[in-house]
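Peer 1: Let me begin by handing over the structure; questions about it come next.
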Amino acid sequence: YGDKELKVSTLNRIKQNFRNALQENPALLPALVELTLRSALTFDASTRAGGPNGSLRFAALADGASGPVGLAGRAVEGVRKAMGIVGVSWADVMCFGGAVAVEV
């Protein structure tokens, strides 16, 4: 990130890349929502640990990861690589993917 305009531009590009991916592969829609929800539901209120911190990327990108988590993980990684994102965490990109899937 840098100044405010650069942040807004980056976020808009992330969202548009997810919209394009969802248009190409509609099966990503429930997969992105599931990955984002699974990540968010790891939050433990008693310890204040977990939550959408990107820890699911290891399961989502593991060799042979299948099902919705694997599909969504590959999509998130694809968006990150295609954009050459620097300064935006895997967790942030994943959450934006889930938000775009809900918007669509």
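Peer 1: Just for segment 68-79: of the residues that are over 9 Å from the mean Cα position of the chain (by Cα) and without any contact (Cβ under 8 Å) to a residue 24 or more places away in the chain, which one is nearest to N17 (Cα to Cα)? Spell out how you get there, then give the answer.
Peer 2: Applying the first criterion (over 9 Å from the mean Cα position of the chain (by Cα)) to segment 68-79 yields 68-71, 74, 78.
Then keep just the ones that are without any contact (Cβ under 8 Å) to a residue 24 or more places away in the chain; that gives 70, 74.
Numbers: G70: 18, R74: 13 Å.
My answer is R74.
Peer 1: Follow-up question, since we're still on this one. Within segment 20-37, is even one residue touching a Lys or Arg at 6+ places or on another chain (Cβ under 9 Å) and of a type in the set (D, E)? First the steps, then the outcome.
Peer 2: Step one: filter segment 20-37 for residues touching a Lys or Arg at 6+ places or on another chain (Cβ under 9 Å), giving none.
Taking every residue of segment 20-37 in turn, none turns out to be touching a Lys or Arg at 6+ places or on another chain (Cβ under 9 Å) and of a type in the set (D, E).
Peer 1: Just checking, how many residues over segment 57-101 are farther than 25 Å from K4 by Cα and loosely packed, with under 12 Cβ neighbours inside 10 Å?
Peer 2: 5
Peer 1: Say we look at segment 1-46 and pick out the residues that are among the acidic types (D, E) and in a helix (DSSP H, G or I); which of these is least open to solvent (accessible area, probe 1.4 Å)?
Peer 2: Here is the first cut: in segment 1-46, the ones among the acidic types (D, E) are 3, 5, 24, 34, 44.
Remaining after also requiring in a helix (DSSP H, G or I): 5, 24, 34.
Details: E5: 126, E24: 157, E34: 55 Å².
This residue is E34.
Peer 1: Ok, one more. Answer with yes or no whether V102 is assigned to a helix (DSSP H, G or I), within 11 Å of the chain's Cα centre (by Cα) and in contact (Cβ under 8 Å) with a residue 12 or more places away in the chain. Before you say what the answer is, go through the steps one by one.
Peer 2: Details: assigned to a helix (DSSP H, G or I): yes; within 11 Å of the chain's Cα centre (by Cα): no; in contact (Cβ under 8 Å) with a residue 12 or more places away in the chain: yes.
The answer is no for V102.
Peer 1: Still on this structure, I have one more. Could you please give the count of residues in segment 51-69 that are modelled with pLDDT under 85 and within 20 Å of S89 (Cβ to Cβ)?
Peer 2: Qualifying residue count, segment 51-69: 11.
Peer 1: Here is a further query. For segment 47-56, state whether one or more residues are loosely packed, with under 12 Cβ neighbours inside 10 Å and either of a type in the set (S, T, Y) or assigned to a loop (DSSP other than H, G, I, E, B) (or both). Before you say what the answer is, go through the steps one by one.
Peer 2: Quick first cut of segment 47-56, residues loosely packed, with under 12 Cβ neighbours inside 10 Å only: 47-49.
Filter once more, so that each one left must be either of a type in the set (S, T, Y) or assigned to a loop (DSSP other than H, G, I, E, B) (or both): 47-48.
Checked against the condition, which is being loosely packed, with under 12 Cβ neighbours inside 10 Å and either of a type in the set (S, T, Y) or assigned to a loop (DSSP other than H, G, I, E, B) (or both), segment 47-56 yields at least one hit.
The values are calculated or read from the model by the stated rules, or taken from the named source; none is laboratory data. Bear in mind that the values here come from a model prediction, so they are computed numbers and not experimental data. Note that each Cβ is placed from the backbone with ideal geometry, even for glycine, and that neighbours are counted across all protein chains shown. Areas reflect the complete protein model, heavy atoms only, side chains present, ligands, DNA and RNA absent. Shrake-Rupley method; radii C 1.70, N 1.55, O 1.52, S 1.80 Å.
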